[in-house]
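Enquirer: Got a structure for you, questions after.
What follows draws every value from the coordinates through simple rules; no lab data is involved. Predicted, not measured: the structure shown is a model, and the values here were computed from it. FYI the Cβ positions are ideal-geometry reconstructions off the backbone, even for glycines, and counts take in every protein chain you see.
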Amino acid sequence: MTVSLNIDRTDLHVPYNKAMSEKVSGYVMLVGNGAVGKTTVSKVLALTNQGDQPSQEILNGIRKTNNLEYEFVTTHQQIGDKDYSVTLQFLIPPGQKKADGDATGRSFEEVMDIFRPTIHRLDVVLFTYDMTSMASFHDLVYWIDGVGDLLNDASHFILLGTHLDRENDLEITRGDIEEGLEYLAGEMRTMRPSWKGNFARLEVSNLTGENLDSLLFYLAGSVISSRNMIP
Ligand SMILES: Nc1nc2c(ncn2[C@@H]2O[C@H](COP(=O)(O)OP(=O)(O)OP(=O)(O)O)[C@@H](O)[C@H]2O)c(=O)[nH]1
Ligand SMILES: [Mg+2]
């Protein structure tokens, strides 16, 4: 059964009171194969949150990740009857796998060996795939193993599809996504029987910006929920 994030999208349009808002911050890690759009999601979220529009030019300026990248976004949201100011601290490791044996960049494993001791908590994991690449979707099982030891019982996850704009090339069906979501949740429970996190799916375009406002809202709600479960 899919567990919803228990937040109401219509609340997005209610004006918020910045001065009275409760401040919350949390850590969000994006994992997934190389070139699925992990770096792009974080950069475009940061830019659109400042009022800029996504564009091909922005996408063209993004390079392959070789280290742990950081980005942050502070978003004001009303959730339920409360105003929040939520700072999302994004952590973006490379999508290159050690087993690829690619000498042109550092792998996820090499980078995480260095940074793992510095990461104490992940509130949300974005399992990211490219909707035009079935391989990137199937490989999510690899990425769940990769972050297993960084999770706590209140870590939430979002199954995030990118490239929604490439409508003629989409390979992953709604049915695949629902199945994938249940599979990932099952793996989380197997890995961590006491896990109580929420999970959801979302498909976005980093080129047109479609559904990025929903992603921001989901992420804010997930961080608040995770921090309420384990302060
Ligand atoms: N059309 C389209 N292109 C996208 C989208 N998201 C990312 N891209 C493009 O996909 C390519 C890879 O994006 P990155 O953000 O570098 O991917 P990554 O997952 O960070 O890859 P690594 O750093 O290698 O792990 C770039 O050329 C982006 O411009 C999207 O939603 N639509
Ligand atoms: Mg990257």
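Enquirer: So for the stretch 9-229, taking the charge dipole from beta-carbon charges (+1 Lys/Arg, -1 Asp/Glu), which of G61, G161, Q78 sits furthest toward the positive end?
Expert: Q78
Enquirer: Taking 7 Å along the Cα-to-C-beta vector as the label spot, tell me the Q50-T74 distance in nanometres, rounded to one decimal.
Expert: Distance between the two pseudo-spin positions: 1.4 nm.
Enquirer: Just to verify a number: FRET efficiency for K98 and S21, C-beta to C-beta distance, R0 = 41 Å, to 0.05?
Expert: Efficiency at R0 = 41 Å is approximately 0.45.
Enquirer: Hey, can you grab everything whose amide H is under 5 Å from the amide H of L164? Only 5+ residues off in sequence or another chain; H modelled, so Pro and N-termini drop out.
Expert: V204, S205, N206
Enquirer: Taking the chain as a Gaussian network, where each spring joins two C-alpha atoms under 10 Å apart, which residue of D130, D165, D102 fluctuates the most?
Expert: D102
Enquirer: Ok, one more. Is any residue of the stretch 139-161 close enough, with backbone N under 12 Å, to a label point placed 7 angstrom from the Cα of S194 along the Cα-Cβ axis, and if so, which?
Expert: Under cut-off, by backbone N: 152-154.
Enquirer: If you average 1/r over all unlike Cα pairs in the stretch 9-229 and invert the result, what Kirkwood radius do you get in angstrom? Don't jump to the answer; show the numbers that get you there.
Expert: Values: mean 1/r = 0.0564 Å⁻¹.
Taking the inverse mean of 1/r over all distinct Cα pairs, the stretch 9-229 comes out at 17.7 Å.
Enquirer: On to the next question. Report, by chain and number, residues whose modeled amide H sits under 5 Å from the one on L122, excluding near sequence neighbours (fewer than 5 apart, same chain).
Expert: The answer is N152.
Enquirer: Related question: At most 16 other Cβ atoms within 10 Å and a DSSP loop assignment: could you name the trypsin sites (Lys or Arg not before Pro) in the stretch 196-231 that fit? Don't skip to the end; give the middle numbers.
Expert: Numbers: sites: K196, R201, R227; in loops: K196.
Qualifying residues, ordered by number: K196.
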